[in-house]
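The structure appears right after this line, and notes come after that.
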Amino acid sequence: MDITIKSLNGDDAGKVTLADEIFGLEPREDILQRMVRYQLAKRQQGSHQTLGRAEIARTGAKLYKQKGTGRARHGSARAPQFRGGGKAHGPVSRSHAHDLPKKVRALALRHALSAKAQSGGLIVVDELTSADGKTKAMIQQFAGLGLTNALVIGGAEVEANFARSARNIPHVDVLPVQGINVYDILRRQTLVLSKAAVEALEERFK
């Protein structure tokens, strides 16, 4: 698949051939769904917790004698039915992460890249640089490329001025190529790859 390389100013800067085994697959929604679910479950905090009857700081003495009162038999004030008692079957701190095979995760990334290429939501730029690191200038350049909601992927390191100028733009995320992931690709309308990012991805999946 051939695609025109753009500069940040909107000019053509040549062409690049994208590997079909990375950008030319027929996207499978089931694989993408499994990967998004895996990512969201893994980052879920799981810190919600209530106190059970064993964790309540309250007397352990029997409330009143077993017989002769005409009332129900109770043994502990920590029981869930009493005010100040423990919570029955409440949430506990735990990890929500689940396993997904490494090959499926790699395949999902290729399908996400292919989905963007197939829908026309993929742009390749020659380099991601900013002369002065000014957000106003970067907004104008993005407007020239038609970018309002985008994920921008640089090389091994994103140039400091570019990262500084783009980080305050709404609906724009900037990541190095090591941070590329299925969820961020799908949640943004356009995927912008630098030439270095394309080379790194082709090397990764070689």
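Assigned to a loop (DSSP other than H, G, I, E, B), more than 30 Å from Leu100 (Cα to Cα), open to solvent by less than 90 Å² (accessible area, probe 1.4 Å) and of a type in the set (Lys, Arg): is that true of Arg78 in this structure?
Yes: the conditions hold for Arg78.
For residues that are over 14 Å from Leu201 (Cα atoms), open to solvent by 30 Å² or more (accessible area, probe 1.4 Å) and not polar (S, T, N, Q), tally how many sit in segment 12-35.
First pass over segment 12-35, keeping only residues over 14 Å from Leu201 (Cα atoms): 12-15, 25-35.
So of that shortlist, the ones also open to solvent by 30 Å² or more (accessible area, probe 1.4 Å) come out as 12-15, 25-30, 33-34.
Filter once more, keeping what is not polar (S, T, N, Q): 12-15, 25-30, 34.
Total satisfying the criteria: 11.
Looking at the structure I just gave you, is Leu51 at negative phi, part of a loop (DSSP other than H, G, I, E, B) and at pLDDT 95 or above? Outline the logic, then answer.
Numbers: at negative phi: yes; part of a loop (DSSP other than H, G, I, E, B): yes; at pLDDT 95 or above: yes.
Here the answer is yes, as Leu51 does meet what is asked.
Could you tell me whether His96 is open to solvent by less than 60 Å² (accessible area, probe 1.4 Å), more than 30 Å from Asn161 (Cα to Cα), assigned to a loop (DSSP other than H, G, I, E, B) and not β-branched (Val, Ile, Thr)? Give the derivation first.
Values: open to solvent by less than 60 Å² (accessible area, probe 1.4 Å): yes; more than 30 Å from Asn161 (Cα to Cα): yes; assigned to a loop (DSSP other than H, G, I, E, B): yes; not β-branched (Val, Ile, Thr): yes.
It is true that His96 is open to solvent by less than 60 Å² (accessible area, probe 1.4 Å), more than 30 Å from Asn161 (Cα to Cα), assigned to a loop (DSSP other than H, G, I, E, B) and not β-branched (Val, Ile, Thr).
Of all residues in segment 26-48, how many are of a type in the set (D, E, K, R) and in a loop (DSSP other than H, G, I, E, B)?
First, the residues of segment 26-48 that are of a type in the set (D, E, K, R): 26, 28-30, 34, 37, 42-43.
So of that shortlist, the ones also in a loop (DSSP other than H, G, I, E, B) come out as 26, 28.
Qualifying residue count for the region: 2.
The values are calculated or read from the model by the stated rules, or taken from the named source; none is laboratory data. Not measured: the values here are computed from a predicted model. The protein model used for the area step is the full one, side chains on, heavy atoms only, and it has no ligands, DNA or RNA in it. Shrake-Rupley method; radii C 1.70, N 1.55, O 1.52, S 1.80 Å.
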